[in-house]
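Okay, so here's the structure we're looking at.
The values are calculated or read from the model by the stated rules, or taken from the named source; none is laboratory data. All values derive from a computational prediction rather than experimental measurement. Glycine also receives a Cβ, built like all others from the backbone with ideal geometry; neighbour counts cover every protein chain displayed.
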Amino acid sequence: MDSRVEPAVRVATPADRDAWLRLRAALWPGDAPGDAEEHAREIDAHLDARGEDARWPQEALLAELDGEVVGLAEVSVRPYAEGCETRDVGYLEGWYVAPGHRRRGVGRALVRAAEAWARARGCAELASDTDPDNDVSRRAHAACGFEDAGLVRCFRRRLDGD
Ligand SMILES: CC(C)(COP(=O)(O)OP(=O)(O)OC[C@H]1O[C@@H](n2cnc3c(N)ncnc32)[C@H](O)[C@@H]1OP(=O)(O)O)[C@@H](O)C(=O)NCCC(=O)NCCS
C-alpha cells in the first residue's frame, strides 16, 4: 500500500495555538524549567501581533491530515544566511513532523509551502540549519533539495564579568 500523503498546509491561526505549542515543544523541548512557558509566550505574542500586520516576516506553517495537525514549519526572512548569495533570505527556522507521520511526504510538503511563502516575500533563496549530529535532518534536507552550506561553530561569553 502506498502510504504517501498530501497534507493541507496552512498558516497557523489563533485556533491552532495548542497544536502549534505541542509541535514546537516536541521539536525544542529545552532543558530549563521555564522552556514550555517561553514557547507559549512567544506563540501568543506572535498570534496577537500578526492580526495587526498581514506582512508579518515570520510565520508558522502547519500540515494537517484528516483534521489533525501533524507537522510544523516555522519560517522567517533573515537579512543574511550562511552560504547564501542573496540578502533577505527565506529561512526554515524549525521543521517538525510528529513521529507517527514521518516518511510519508509531510516534511516535503512543508518545505514546498516554505518555498512558496519565501518566494511570495521576494526571496531568491531558502536556507536552514540543523544540529551537526542530526543525520535524519541532514538527509531530509538533502532530499528536499538543500545543498550543504558548511558547518559553523558557535561561541558565547558573558559580558558582566572579567
Ligand atoms: C526531518 C523531518 C521534519 C522530515 O519529515 P518527514 O515527514 O519524515 O519527511 P518526508 O517524509 O517528506 O521525507 C522526505 C525525504 O527525506 C528523507 N528522509 C526523511 N526521513 C529520513 C530518515 N529517517 N532516514 C533517511 N532519510 C530520510 C528521505 O529521502 C525522504 O524521502 P523518501 O521518504 O521518499 O525517501 C522529520 O524527520 C522530523 O520531524 N525530525 C525530527 C525534527 C528534526 O530533526 N527537524 C529538523 C531540524 S530543525
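Residues checked against (1) more than 15 Å from the chain's Cα centre (by Cα); (2) within 20 Å of VAL136 (Cβ to Cβ):
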| residue | (1), (2) |
| --- | --- |
| ALA40 | yes, no |
| ASP48 | yes, no |
| LEU62 | no, no |
| CYS84 | yes, no |
| LEU110 | no, yes |
| ALA116 | no, no |
Residues satisfying the stated conditions in segment 1-28, i.e. touching a helix residue (DSSP H, G or I) at 6+ places or on another chain (Cβ under 7 Å), of a type outside the set (Phe, Trp, Tyr) and surrounded by 14 or more Cβ atoms within 10 Å (Cβ to Cβ): VAL5, PRO7, VAL9, ALA12, ARG17, LEU21, ARG24, ALA25
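Identify all residues within segment 137-162 that are closer than 18 Å to ALA124 by Cα and either in a loop (DSSP other than H, G, I, E, B) or among the hydrophobic types (A, V, I, L, M, F, W, C) (or both); write none if there are none. Let's see the steps before the verdict.
Step one: list which residues in segment 137-162 are closer than 18 Å to ALA124 by Cα, which gives 141, 144-149.
Matches in segment 137-162: CYS144, GLY145, PHE146, GLU147, ASP148, ALA149.
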Run ASP66 past the list (1) at positive phi; (2) surrounded by 18 or more Cβ atoms within 10 Å (Cβ to Cβ) and report the number of the one that doesn't hold. (2)
Return the only residue of ALA73, ALA127, ALA116 being modelled with pLDDT of 95 or more, closer than 24 Å to ARG22 by Cα and either in a helix (DSSP H, G or I) or within 16 Å of the ligand (Cβ to nearest atom) (or both). ALA73
Within segment 114-133, is there a residue that is surrounded by 17 or more Cβ atoms within 10 Å (Cβ to Cβ) and polar (S, T, N, Q)? yes
Across segment 87-108, the tally of residues that are near the ligand (Cβ under 7 Å from one of its atoms) and either surrounded by fewer than 21 Cβ atoms within 10 Å (Cβ to Cβ) or closer than 18 Å to ALA25 by Cβ (or both) stands at 10
